[in-house]
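Have a look at the structure below, then the notes.
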Amino acid sequence: MKRIVTDNPQNNMEVMFNLAYVKDKEVWIRDSGPDGKDCTLVKFTEEICKKNHECNFDDCFPSELTDLADIGDIFMDCSMCGCPIGTAYFIAIQAAELRERLRMYESKGDENI
């Protein structure tokens, strides 16, 4: 069976399965930064909130906020209120974490070859 996890996706299917990934203990989103390069999920979400959200961005995401746990608390409040951006934040975390677990299973398959 062809591997799903790749660090160098070559087609739409591979990009879809590898869009969110973990690097340096943080979730990143492939090709989604303002410059078209990979960016952190926090930066990606910050940009979406600035451009598309009806609430006051500064109230939701204060500039001095850098702790990932605090950021998670803010987006938990958003997602519990039905905010699609807050919900997408957690979906991306889930996708990145599951991708890393799948990578372990796929790697174990290599040991049996």
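The values are calculated or read from the model by the stated rules, or taken from the named source; none is laboratory data. Computed from a predicted structure; not experimentally measured. For neighbour counting, all protein chains shown are included, and Cβ atoms are generated from backbone atoms with ideal geometry for every residue, glycine included.
The residue pairs whose first member lies in region 1-25 and is free of Cβ contacts under 8 Å to residues at least 60 places away in the same chain, whose second member is surrounded by 10 or more Cβ atoms within 10 Å (Cβ to Cβ) and of a type in the set (Phe, Trp, Tyr), and whose beta carbons are closer than 9 Å, counting only pairs six or more residues apart or on different chains, are Thr6/Phe17; Asp7/Tyr21; Pro9/Phe17.
With respect to Thr87, determine if the residue is at pLDDT below 85 and surrounded by fewer than 12 Cβ atoms within 10 Å (Cβ to Cβ).
For Thr87, the condition - at pLDDT below 85 and surrounded by fewer than 12 Cβ atoms within 10 Å (Cβ to Cβ) - is not met.
Assuming Glu46 fulfils every condition listed in (1) at pLDDT 75 or above; (2) more than 20 Å from Lys23 (Cβ to Cβ) apart from one, which condition is it? Only one criterion in (1) at pLDDT 75 or above; (2) more than 20 Å from Lys23 (Cβ to Cβ) is unmet by Glu46, namely (2). Only one of the numbered conditions (1) among the hydrophobic types (A, V, I, L, M, F, W, C); (2) at pLDDT 75 or above; (3) surrounded by fewer than 16 Cβ atoms within 10 Å (Cβ to Cβ) is violated by Ala96, and that is (3). The residues on offer are Asp24, Asp59, Asp67, and the sole one that is modelled with pLDDT of 85 or more and of a type in the set (D, E, K, R) is Asp24.
The residues of region 16-56 that are buried (at least 17 other Cβ atoms within 10 Å of the Cβ), more than 16 Å from Leu98 (Cα to Cα) and among the small types (Gly, Ala, Ser) amount to a single one, Ser32.
For (1) within 16 Å of the chain's Cα centre (by Cα); (2) among the acidic types (Asp, Glu); (3) farther than 19 Å from Tyr89 by Cα; (4) outside any strand (DSSP E or B), each residue gets a yes or a no:
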site	(1), (2), (3), (4)
Ile4	no, no, yes, yes
Gln10	no, no, yes, yes
Tyr21	yes, no, no, no
Pro34	yes, no, no, yes
